[in-house]
Each structure stands twice: as structure tokens, then as C-alpha cells.
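Comments concern the structure below.
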Ligand SMILES: [Zn+2]
Ligand SMILES: [Zn+2]
């Protein structure tokens, strides 16, 4: 049985995300009163809703707020497998770069017992793009970018870092010309299988 713990919503989050956090906390409070399977299932269903909301969110900032919320929940439920590995990869990806205000806020607010997030059983790098029959995608070089500060479709910032380098390969959607970091494309293939922006299929439909 999981010990569900309340999370502190950050008032700087988008309203939508604060609402999700409050609803999550309500379910946890109900579970604390009536510690039964049904209450637990409701929380688990809601976690799927949170993941879904993060995946579908197209605004960078709001997507990141989702990731912070997931991180807060995850931290309090170490080793409980509340989230799918895919959602955790996306969360880590959204929070793994830069030092935004939000990230600093999170550090101030987050619990003090931050256990190391070591044993990640799933490694996104293990998805070998050369072994997938990718549709509507082309690999490009930094020179092919429309502009040097072009952003990644995944909302994690610019394709090139401040030195003009890229981590891994750059992929471009043939449908809408949006570009992806190699790892962001992996996440996109896992979560969606189609373009984050224009929805064109990247994987052959069964
Ligand atoms: Zn596209
Ligand atoms: Zn990216």
C-alpha cells in the first residue's frame, strides 16, 4: 500500500497546474480519511490524468510546471512507481536543463530529504533510432536550421546550446519543419508517435 502524501502547490504555477495539484491533494486527503483500495485507485487514475495533461501541454512554461508537480509527487513516493517511465523521462528532460526561476523556487519549496534519483531502470538512449522505420522525419545539421536560435518542439529550449553545439542529432518534421533534439524525438516517439506540433505520423500506424 502506498503512503500518499500531500504536495505544496507553487503559486507561481499556471492556474491549470495549481488546479491539478489541489485536486490531487483533495484525493490524498480523502484517501487519508478512508484508506481503502478505491481511494487509492482514484489517486492512480488522477496521476494518469496529470501525465496526460503534461504530454498534451504545448506551452513550454506550463509543461514545465507540470514537470515540477510530478517531481514533487515523485519525491514523496520514492520507489512506488506512481508514474510511467515515459512520464519520468519527460519530467527529467523538462527540468534537466537551465536554471530558471521556477527551478530555484522548486529547490526552496521541495522537501529536504531529497533522495538521489539513481536507479532509473529505463534509459531513453536505449531507443535506437536507426532501427525504427521513421516516417516524415529527416536528420539535419545545425546549418540547416532556419535560425540559429530555433527551438525544439518539445519545449525544452533552443536546439543549439549557447556555444552553438547540439547534444546528439537534430531531426526535422517534414510536415511542419519543426525540429527536435535527438532525445526529445525519442520521448515524442514513446509518448505520441506523431509530431508534437502538426500531428503528422512518425511511426507507421498498425
Ligand atoms: Zn510536424
Ligand atoms: Zn528538445
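The values are calculated or read from the model by the stated rules, or taken from the named source; none is laboratory data. Not measured: the values here are computed from a predicted model. Glycine gets a Cβ as well: all are built from the backbone with ideal geometry, and neighbour counts include every protein chain shown.
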Original post:
Taking the stretch 163-189, which residues are out of contact with any strand residue (DSSP E or B) (no Cβ under 7 Å at 6 or more places or on another chain), under 19 Å from residue 60 (Cα atoms) and either more than 16 Å from ligand 1 (Cβ to nearest atom) or not in a loop (DSSP other than H, G, I, E, B) (or both)?
Top reply: 183, 186, 187, 189
Original post:
In the stretch 1-102, which helices (runs of 4 or more DSSP H) lie fully inside it and hold 3 or more residues that are under 30 Å from residue 160 (Cα atoms)?
Top reply: 37-56, 60-76, 85-95
Original post:
What tally of residues in the stretch 190-206 results from selecting those that are assigned to a loop (DSSP other than H, G, I, E, B) and away from ligand 1 (no atom under 15 Å from the Cβ)?
Top reply: 3
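Kindly provide the set of residues from the stretch 62-79 that are surrounded by fewer than 15 Cβ atoms within 10 Å (Cβ to Cβ) and modelled with pLDDT of 85 or more, ordered by number.
Within the stretch 62-79, 78 is the sole residue that qualifies.
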Subject >> Selection within the stretch 139-162 - farther than 24 Å from residue 56 by Cα and within 16 Å of ligand 1 (Cβ to nearest atom) >> reply: 139, 140, 144, 145, 146
Original post:
In the stretch 158-171, how many are over 15 Å from residue 130 (Cα atoms) and crowded, with 16+ Cβ neighbours inside 10 Å?
Top reply: 4
Subject >> Only listed residue being touching a helix residue (DSSP H, G or I) at 6+ places or on another chain (Cβ under 7 Å) and over 16 Å from residue 55 (Cβ atoms), chosen from 168, 157 >> reply: 168
**OP:** Among the candidates 17, 28, single out the residue that is more than 20 Å from the chain's Cα centre (by Cα), buried (at least 18 other Cβ atoms within 10 Å of the Cβ) and farther than 24 Å from residue 194 by Cα.
**Re:** 28
